[in-house]
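> This is the structure I have questions about; it appears just below.
The values are calculated or read from the model by the stated rules, or taken from the named source; none is laboratory data. Given the structure is predicted, the values throughout are model-derived calculations rather than measurements. Counting neighbours? That spans all protein chains shown, and the Cβs are built from the backbone with ideal geometry, glycine included.
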């Protein structure tokens, strides 16, 4: 079997008796053209669009280039429907929900807007510009929510994006377009900080996990922040692993998002009878393994299929390194307790990801096949290997007699769910 690694592939020759199973998304037959899927979703919320009036200022929020959503396919028909209601192009703004990410280039704006580029005004959210932000209220746990002024002052606010698993918010999409998408840096950090239990040393909230919405404190903070923005409706896509639109959900920002999350979980979660001794996971090649922050998603999902103390081999080229300049610095903390204390003192989203990685490094034995120098891999508590063959030789010395293995060729696209 071939497993993708960067722009190449690694060949794995595994004896059949060792294979417990291949964990992959269920095959999805996308019979309808994406245009038909989008039009059907917009038809379903026609009563909301039909309430828009001539002269109203409309802001449409969409994701940046790091999260492909199919925006170049769904934004044109959405704008066309607004035009039919008498909303002029000049009264429409497309706002890129950068969160704390960098601004987009003109080329990236072209890719996001598709045929609308040059016709509809587009702007990048800036989480650090106080003049471009305004306070809209506070959540029940005291998060002061400041969001993009254009969105807050618009007559109508539409949220767009895509639904997928998120390793501590449960799912992406929906409410996430507001908080953290178009919020201040401080509000972004505060909403993500909810991943930790209250009280020094109490660790991560067990409900702040992949595929969980009910009781998830990060999700609840995002929901409260979104409610303050009062969006008119959402349009969210669901994509296959190869980025084809398989479904779209439009309507009430809570209900349509929850429906999309149910749809996604039914198709992209894989039930397991038991966990494995070994999981061999590929992120799916470039660009899914472009850096370690991106690859962490695959590590998180692969961990769900692994017994405590088990061995994981993660294929992640990471040609662009860590993905953020401050990420590696967090591994100066070797003990989870001191790491958590530092996070509580000065929370960073990249620090949260590093903390999550260290948790897994100490719970399992993770062999990382990557381009990182060995000393950096060691520093993170992982085990370095240059090739899959070398990683397999290492794993063989760690595994029990009669070990069984799961393969995950697209580990970032499927969530293993083991029986309790």
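> Restricting to region 75-102, count the residues that are touching a residue at least 12 places away in the same chain (Cβ under 8 Å) and in contact with a helix residue (DSSP H, G or I) (Cβ under 8 Å, 6 or more places away or on another chain).
Result for region 75-102: 17.
> How about region 82-111: which of its residues are at pLDDT below 95 and either within 18 Å of the chain's Cα centre (by Cα) or under 22 Å from residue 50 (Cα atoms) (or both)?
The answer is 98, 99, 100, 101, 102.
> Let me ask another. Which of (1) more than 30 Å from residue 388 (Cα to Cα); (2) touching a strand residue (DSSP E or B) at 6+ places or on another chain (Cβ under 9 Å); (3) assigned to a loop (DSSP other than H, G, I, E, B) does residue 68 not meet, given it meets every other one?
Condition (1) is where residue 68 drops out.
> How about region 71-103: which of its residues are outside any helix (DSSP H, G or I) and within 20 Å of residue 231 (Cβ to Cβ)? Give the derivation first.
Restricting attention to region 71-103, the residues satisfying the condition of being outside any helix (DSSP H, G or I) are 85-88, 92-103.
Correct list: 85, 87, 92, 93, 94, 95, 96, 97, 98, 99.
> On to the next question. Tell me which residues, restricted to region 125-161, are more than 17 Å from residue 179 (Cβ to Cβ) and either crowded, with 17+ Cβ neighbours inside 10 Å or in contact with a helix residue (DSSP H, G or I) (Cβ under 6 Å, 6 or more places away or on another chain) (or both).
156
> Right, next: What tally of residues in region 12-50 results from selecting those that are exposed (fewer than 15 other Cβ atoms within 10 Å of the Cβ), without any contact (Cβ under 8 Å) to a residue 60 or more places away in the chain and over 23 Å from the mean Cα position of the chain (by Cα)?
Of the residues in that region, 14 qualify.
> Quick test of your reading of the structure: residue 175 fulfils all but one of (1) modelled with pLDDT of 95 or more; (2) over 21 Å from residue 264 (Cβ atoms). Name the failing condition by number.
It is condition (2) that residue 175 fails.
> Then there's this: Being within 12 Å of residue 234 (Cα to Cα), touching a strand residue (DSSP E or B) at 6+ places or on another chain (Cβ under 9 Å) and either at pLDDT below 95 or not assigned by TED's automatic domain parsing to the domain that holds residue 109 (or both), is that true of even one residue in region 46-53?
Looking through region 46-53, none of the residues is within 12 Å of residue 234 (Cα to Cα), touching a strand residue (DSSP E or B) at 6+ places or on another chain (Cβ under 9 Å) and either at pLDDT below 95 or not assigned by TED's automatic domain parsing to the domain that holds residue 109 (or both).
> Something else now. For region 104-136, how many residues are more than 24 Å from residue 228 (Cβ to Cβ), touching a residue at least 12 places away in the same chain (Cβ under 8 Å) and not in a loop (DSSP other than H, G, I, E, B)? Spell out how you get there, then give the answer.
Within region 104-136, the subset more than 24 Å from residue 228 (Cβ to Cβ) is 104-122.
Right, trim to touching a residue at least 12 places away in the same chain (Cβ under 8 Å) and you get 104, 108-109, 111-116, 119-122.
Remaining after also requiring not in a loop (DSSP other than H, G, I, E, B): 108-109, 111-116, 121-122.
Residues meeting the conditions: 10.
> When you look at residue 229, is it farther than 19 Å from residue 170 by Cα and at pLDDT 95 or above, yes or no? Full working, then the answer.
Values: farther than 19 Å from residue 170 by Cα: yes; at pLDDT 95 or above: yes.
So residue 229 passes the test.
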